[in-house]
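Below is one structure, written out as structure tokens; comments come after it.
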Amino acid sequence: MDSEVRKYPFWVRLCLVLFGFLCVALFCFIRFPYDTLKDRIEDVLSSSLGVELALGHLHPGFPMNIVADDVAINSIPVADFARFRPGISGLLQGRAVVFYNVIQDQSKAEGMVGLSPGDSAKPVHVLAHLEDVDVGAFRGFMGPHGEALEGLVDADLDLTARPGRLYRASGDLSAVWKTGKMPLLLHGVPLDSIGFEDIRIKARMDKGMIIIETAQMNGDISGSLRGRVHLRPDVSQCRLNLTGEVRLPPGLSSIAGIQGGKDGLRFSLRGTPGSPRFKILK
């Protein structure tokens, strides 16, 4: 008697093959030694963004993410956890697109970095969305005066720049600095720092120049600011060209030794963050 050979339908065999490929891919994803790529990832992102980026131990995360346990910028720790995901669509265009998500306590930063490794002629595109980011994480970038920084920041950035020259970027940015405090390094004004309810900023960048369209401070000390900031690789050497007005409560005005009209005290701010020149305007 001829034995009857039973065959599986085509769609069943296809599913088995796809399942096998999926298992192999998942095994490779889990067991791949990601730390062997750490130096390469750090070099590419550091050269493209113009900062010294250092990542901790790398390991897989689901779905299809690479997780870094620690993140430091210019040797300053900024986060304990970061998640990266490669963008497939960018590879079809010959570009490396990396989506990122950084979480630190209640703070969150997410966005995208698009770059072309090895091609310095193509720009780097950076998108960022920040929620409740503690400005204390940036104290190390501000030198000895950074200890006065306090508050939380929400911000959105959309910047394009040549690789390694992010300070020469062009694009748009907006930010809200909430319940904050910042140093006040102005000669002749006996105040070391000022606190505020919030500062709302809308600006654009044009080849390394920040053009502040609106900047409004609210709180016991309130005011507005407009003008331009010429960026430099060293933040303390950025060139300031700003004008604005500030309204102080009566008690604080007498302590500061300055008086403003009912519309506030008009002023100009020149020089650099490291050596500002503050002038009261008539």
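The values are calculated or read from the model by the stated rules, or taken from the named source; none is laboratory data. The shown structure was predicted, so the numbers you read here are calculated from the model rather than taken from an experiment. Because the Cβ atoms are built from the backbone with ideal geometry, glycine has one as well, and the counts that use them run over all protein chains shown.
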query: Scanning for something in contact with a strand residue (DSSP E or B) (Cβ under 8 Å, 6 or more places away or on another chain), surrounded by 18 or more Cβ atoms within 10 Å (Cβ to Cβ), at pLDDT 80 or above and over 18 Å from His129 (Cα atoms), does the range 81-91 turn up at least one residue?
result: no
field: Candidate set: the range 18-57, residues that are of a type in the set (Val, Ile, Thr) and modelled with pLDDT of 75 or more; chosen: the one surrounded by the most Cβ atoms within 10 Å (Cβ to Cβ)
entry: Val44
query: Residue check: is Arg239 among the basic types (Lys, Arg), under 30 Å from Gly114 (Cα atoms) and surrounded by 15 or more Cβ atoms within 10 Å (Cβ to Cβ)?
result: no
query: Would you pick out the residues in the range 220-231 that are surrounded by 14 or more Cβ atoms within 10 Å (Cβ to Cβ) and modelled with pLDDT under 85?
result: Ile221
